[in-house]
Amino acid sequence: MQEFEKLIRELLEEDRVEKAVATSPLDKKNSIKKFELKPFIKDNSIKFQITFYEEKKNFHKNVEKAEAAAEIIMAFGEFKQMVVVSDEYDYQILNNGSGKVKIIKKKKEGKKEIVIAGHNRKKEYLIEDGVPCDFLIELGVMTKEGKVIAAKYDKFRQINRYLEFVRDALKEYSGKKIKVVDFGSGKAYLTFALYYYLVKISGIEAEIYGVDLKKM
């Protein structure tokens, strides 16, 4: 059971879970016949919707990431098996009811990026989720279809928040050309974002240089 708990906590912490489904109750008298957990985006952060299926109805509850692992672990104790779908592996976890847990891991053909759907009114970003953006695709933040990859959602938010500061600063700027040197640019997420915003969104001529001591 400790191995199972560790696995679940790691997968959730790294935003690598697409869904988790538990079936076949250990106690046939249990009113809950199936448990399902899926991530979603709300208020610009990853949360989880849990669905409990009864014979004639089902009900939902939403939990924060910190609670999700505990919910899965607690639910699994009531079922004979659970399937966890992640980015790289599908896991089948078997529970014999006496504390012994068997984990069967099946590797996928190629790693699949987990894309999480929105659950509420979409926040309007300067760079939109769902609209392909060339530099974000190249940097692995978006899929080719323009969907933000779950593990990169915090980076996506950071980029847009940074561009909001740039937008506000430009309100005081009346020139037609900007030259920028970015010291400590690292992987240059914000450097590329700045160029994209200045040139492609705002139509300002820009020269931007990224400088970093570390090799890429």
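Observations on the model:
- By the beta-carbon count within 10 Å of each Cβ, the least crowded to most crowded order of Asp168, Asp154, fewest first, is Asp168, Asp154.
- Sorting the segments 172-184, 133-145 by their mean number of nearby beta carbons within 10 angstrom, highest to lowest, gives 133-145, 172-184.
- Under the criterion of Cα pairs below 8 Å and six or more residues apart, the relative contact order for the chain equals 15 percent.
- When peptides 89-101, 13-25 are ranked by their average number of other Cβ atoms within 10 Å per residue, the highest-first order is 13-25, 89-101.
- Simple spin-label estimate for Ile204 and Arg167 in nanometres, 7 Å along Cα-Cβ: 1.4
- Whole-angstrom gap from segment 145-216 to segment 35-56, using each part's C-alpha centre: 34
- Rg/Rg_globular for the chain, with Rg_globular taken as 2.2 N^0.38 Å and Rg from C-alpha atoms: 1.30
- Within the straight-line cut-off of under 20 Å between alpha carbons, the lysines reachable from Lys176 are Lys200, sequence neighbours fewer than 8 places apart in one chain being disregarded.
- Sequence-distant aspartates and glutamates (8 or more away, or on other chains) whose Cα lies within less than 18 Å of Lys33: Glu54, Glu55, Glu71, Glu78
No lab work stands behind these numbers, since they all come straight from the coordinates. The structure displayed is predicted, hence computed values, not measured ones. For neighbour counting, all protein chains shown are included, and Cβ atoms are generated from backbone atoms with ideal geometry for every residue, glycine included.
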